[in-house]
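The values are calculated or read from the model by the stated rules, or taken from the named source; none is laboratory data. All values derive from a computational prediction rather than experimental measurement. No Cβ is skipped: glycine too gets one built from the backbone with ideal geometry, and neighbour counts run over all protein chains shown.
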Amino acid sequence: MPPRCGQQLAVDRPDPTFHLTRSRKNTFRKPLVMKPNSMRMRYFLAWVALSVCACDPEPYDLVLVGGTVIDGTGSDGYRADVAIRGDRIVVISPGDVEHDGAERVIDVTSKIVAPGFIDIHSHLDPLLRLPEGESKARQGVTTVFGGPDGGSPWPMGAYLDSAAAIGIGINVAMLVGHNTIRRQVLGMEDRPPTSNELLEMREMVRQAMAEGAWGLSTGLRYLPGAFSDVDEVVALAEVAGAAGGVYTSHLREEGLELIAAVSEAIDIGLRAELPIVLTHHKVVGQPMWGSSERTLNMVDSANAAGRKIRIDQYPYTASYTGIGILVPPWAMAGGDQAFFERLENPVLRDSILDGIVFNLINDRGGNDLSRVQFALVSWMPELEGQTLGDWAEMRGLPLTMETGAELVIDAIRRGGASAIYHVLNEADVEAIMRHPMTAIASDGRLVQP
C-alpha cells in the first residue's frame, strides 16, 4: 500500500557515514541497486510522486527544480525535481513537483544534483578547530574518512566526544592508525614488539573500534610503521576485522617495490579476514611507469578469488608529503636526534646520502631536482613553490642528485618541509581511475576557505 503522509521511504542501503550524534556501532548492509533509466525505476518514481502528492503533505523545506540527477548507481543522469523535508529527501520525481508553500525553491536547470560526495581519504587534523568542515562542504563533500596513512587521534573515543560536543558540519568516520598505536607502545624503535607489547597494541585497536573507529589504517612507508613486519599488521588487522572493520593500506612501497607491496597488502587482508583498500593507489617513479596494468590485474584476481579488495585514488600526477620521505627509514629510527647523531658518523652519513640519492633517482625524486617542489617551509617561506633545483641554483650549487641529497638533509636540520613530487604518469592515473573498484579521494586536509 502507498506510504502514509510524511512516512519515510525505507530502503536497504549502505550506510558509509558516521554521525557523531548517534550510536557509534558500525553497520554494513547490502546496497539497493536501482537503475533510474529502467522502466521499473520510472514506475517507482511516479508511484512515489503520486503517493506523496495525493495526501496533502506538509510543505517542503527545499525543492530543487529542473536539475539533472546523478544518483551514484553508475546510470546515466536524468531530469528530476528533488524535494527535501527536514534532513530527508522525500521526493525524486521525473515530473514537476508541486512546490507551493515550500520554504525555498532553487532552479537548478542545467546543473547537476547528486548525493553528497564521500571523501574516503582525508586528513582531518584541524577538525576541532574548523568543525564546520567548510572547505569540504563547499565542494559538495558531506562525508569524510579521517585517520589515514597510519595516523589518527588518540584516544579515539575522547576525540569523537570532543567533536560531538562542538558540533560539526559534515559526517565524519575515523580509522585508527597503526603508526599511532605503535608509537604509543614502542616509540620510534626499529624492532618487533614483544608478545606483551603486541597484546597491548591489539587491545588499543579493540578499544578504538569499540569507541567508533571504522577500521585500521597503516602507513608502512612512514615511521614508525616502516619498522613493522607483516605478522604485526595482521595481528592488529584481525582485531579490526573481528569488529566489522576494514584495513586501509598506504603501501610499504609505491615505486620499485610496488608489486611486492600490493601483494603484501592483499596477503594481510586474506590472513586477517577483512576487506582491504589500497589507498591513494599510484605508481611512483619513471622506472615503474606502466605498472598499473599489473597491480590492477592483481586486484582483479584477488576479487575473483573471493577477497574484498578496493582502491581509492587522488586524480593528480604528483604526490605530497614531508621531505623526510626521501631519507631511508633505518636512518630515522629513534627520532630526529638519533638521525642527527648518525650524520656525525662519516660512514653512516655517506650511507644516508646514498639512500637519498637512490630515492631521488628511482622514487619521488624522478631523477630531476625540478620534480621536487617545496610546499610548506616555515623557516624560509620564500622557498615555497620553488624546487630543489631552484634552491641549488640560489646557493650556487651544481644540479646533481648528490647536491639534492645534501639539501634534503639541510632542510630536515632546519625543521623539515613538505613537498610536491611530480613523479606520476598520467596514463597510470587514468588506468587506475577507470577501474571499477576505484573511488576518488582527495588526500587533502581541512583548511579555512
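Restricting attention to segment 335-369, which residues are touching a residue at least 40 places away in the same chain (Cβ under 8 Å) and touching a Ser or Thr at 6+ places or on another chain (Cβ under 7 Å)? Scanning segment 335-369 gives a single hit, Arg364. Is at least one residue of segment 173-191 exposed (fewer than 15 other Cβ atoms within 10 Å of the Cβ), under 30 Å from Asp87 (Cα atoms) and either of a type outside the set (S, T, N, Q) or free of Cβ contacts under 8 Å to residues at least 40 places away in the same chain (or both)? Within segment 173-191, none of the residues are exposed (fewer than 15 other Cβ atoms within 10 Å of the Cβ), under 30 Å from Asp87 (Cα atoms) and either of a type outside the set (S, T, N, Q) or free of Cβ contacts under 8 Å to residues at least 40 places away in the same chain (or both).
Of all the numbered requirements in (1) touching a residue at least 40 places away in the same chain (Cβ under 8 Å); (2) in the same structural domain as Val63 (by TED's automatic domain parsing), Leu160 misses one, and that requirement is (2). In segment 208-229, the residue that is surrounded by the fewest Cβ atoms within 10 Å (Cβ to Cβ) out of those that are farther than 10 Å from Leu175 by Cβ and among the hydroxyl-bearing types (Ser, Thr, Tyr) is Tyr222. Scan segment 234-264 for residues that are out of contact with any Phe, Trp or Tyr (no Cβ under 8 Å at 6 or more places or on another chain) and part of a helix (DSSP H, G or I) and the total you get is 13.
For Trp379, the criteria (1) assigned to a loop (DSSP other than H, G, I, E, B); (2) in contact (Cβ under 8 Å) with a residue 60 or more places away in the chain hold in every case but one, which is (2). If only one of Arg307, Arg364, Arg294 is assigned by TED's automatic domain parsing to the domain that holds Ser122, surrounded by 13 or more Cβ atoms within 10 Å (Cβ to Cβ) and part of a loop (DSSP other than H, G, I, E, B), which one is it? It is Arg307. Is it the case, given these coordinates, that Leu128 is touching a Lys or Arg at 6+ places or on another chain (Cβ under 8 Å), in contact (Cβ under 8 Å) with a residue 12 or more places away in the chain, in the same structural domain as Ala240 (by TED's automatic domain parsing) and not aromatic (Phe, Trp, Tyr)? No: the conditions fail for Leu128. Figure legend. Inter-residue proximity from segment 390-410: first residues more than 23 Å from Leu348 (Cβ to Cβ), second residues among the small types (Gly, Ala, Ser), beta-carbon distance below 6 Å, spacing 6+ or different chains. Indicated pairs: Leu399/Gly389; Leu399/Ala392. Count of segment 367-376 residues, restricted to those that are among the polar types (S, T, N, Q), surrounded by fewer than 18 Cβ atoms within 10 Å (Cβ to Cβ) and not in a helix (DSSP H, G or I), is 1.
The number of residues in segment 235-289 that are surrounded by fewer than 19 Cβ atoms within 10 Å (Cβ to Cβ) and of a type in the set (Val, Ile, Thr) comes to 1. Say whether the condition of being at pLDDT below 95 and either closer than 17 Å to Pro329 by Cα or not in a strand (DSSP E or B) (or both) is met by at least one residue in segment 414-424. The answer is yes, given that some residue of segment 414-424 is at pLDDT below 95 and either closer than 17 Å to Pro329 by Cα or not in a strand (DSSP E or B) (or both).
Return the only residue of Asp107, Asp87, Asp96 being loosely packed, with under 15 Cβ neighbours inside 10 Å and modelled with pLDDT of 95 or more. The unique qualifying residue is Asp107. Scan segment 222-232 and tell me whether some residue there is part of a strand (DSSP E or B) and closer than 18 Å to Ala265 by Cα. No, segment 222-232 contains no residue that is part of a strand (DSSP E or B) and closer than 18 Å to Ala265 by Cα. Of the residues that make up segment 406-417, is at least one surrounded by 17 or more Cβ atoms within 10 Å (Cβ to Cβ), under 30 Å from Asn303 (Cβ atoms) and either not assigned by TED's automatic domain parsing to the domain that holds Asp300 or not basic (Lys, Arg) (or both)? No.
Of the strands (runs of 3 or more DSSP E) that lie entirely inside segment 88-202, those containing 2 or more residues that are in contact with a Phe, Trp or Tyr (Cβ under 9 Å, 6 or more places away or on another chain) and not basic (Lys, Arg) span 88-93, 117-119, 141-146, 171-174. Residues that are part of a helix (DSSP H, G or I) and of a type in the set (S, T, N, Q) were ranked within segment 320-356; the one that is modelled with the highest pLDDT is Ser351.
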